[in-house]
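Right, one structure below, let's go through it.
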Amino acid sequence: MTINELIERLKALPKDVRRRPLMDGKPAVGYRLAPLDHISVEKVLASNDGFCGMTDPELTDAENVAEAGDRYGMSARIERRALAFFD
């Protein structure tokens, strides 16, 4: 799901639902608040199949891409992605 798709789904929620906290859980177990610690934008290693990994901040972008190729045998590129951190 892209960020734009998420925004559209959130906008489509009824107004009374949008004013209330986000919940997490399973119907058989119960629900609890799902605190979102923060959302940040970070550089990640993105592979052609959609998987992402964290970069090594001590390496340059080119070095991170080369290391991914050497270590994991994968073709990767550097992308900026939104990351959401839940409690």
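The values are calculated or read from the model by the stated rules, or taken from the named source; none is laboratory data. Bear in mind that the values here come from a model prediction, so they are computed numbers and not experimental data. Please note: Cβ atoms are built from the backbone with ideal geometry, for glycine as well, and neighbour counts cover all protein chains shown. The protein model used for the area step is the full one, side chains on, heavy atoms only, and it has no ligands, DNA or RNA in it. Shrake-Rupley method; radii C 1.70, N 1.55, O 1.52, S 1.80 Å.
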Problem - Solvent-accessible surface ranking, highest first, for 75, 40 at 1.4 angstrom - result: 75, 40
Exercise for the section: Return a whole-number percent for the relative contact order of the chain, with Cα pairs under 8 Å and 6 or more residues apart as the contact set. Expected result: 31 percent
Handout entry: Cα-based helix-to-principal-axis angle, 61-72 vs the chain, degrees rounded to 10
Key = 90 degrees
Practice task
Report in % the part of the accessible area of the chain that belongs to carbon and sulfur, leaving out ligands and nucleic acids; probe 1.4 Å.
Solution key: 56 percent
Handout entry: Where the stretch 45-84 is the region considered: accessible area per residue in Å², 1.4 Å probe
Key = 72 Å²
Problem - Residues with amide H under 5 Å from that of residue 74, placed H, sequence gap 5 or more - result: 69
Exercise for the section: Would you work out which of 29, 2, 73 lies farthest towards the positive end of the dipole of the chain? Charges go on Cβ: Lys and Arg +1, Asp and Glu -1. Expected result: 29
Exercise for the section: Using only alpha carbon pairs under 8 Å that are at least six residues apart, calculate the relative contact order of the stretch 23-66 and give it in whole percent. Expected result: 22 percent
Handout entry: Theoretical ellipticity at 222 nm over the chain - DSSP helices of four or more residues, -39500 (n - 2.57) apiece, nearest 500
Key = -8000 deg cm²/dmol
Handout entry: Dipole moment magnitude, nearest 20 debye, the stretch 1-60 about Cα centre, only Lys, Arg, Asp, Glu C-beta charged
Key = 620 debye
Exercise for the section: Report the calculated FRET efficiency for residue 84 and residue 59 (r = Cβ-Cβ distance, R0 = 22 Å), to the nearest 0.05. Expected result: 0.30
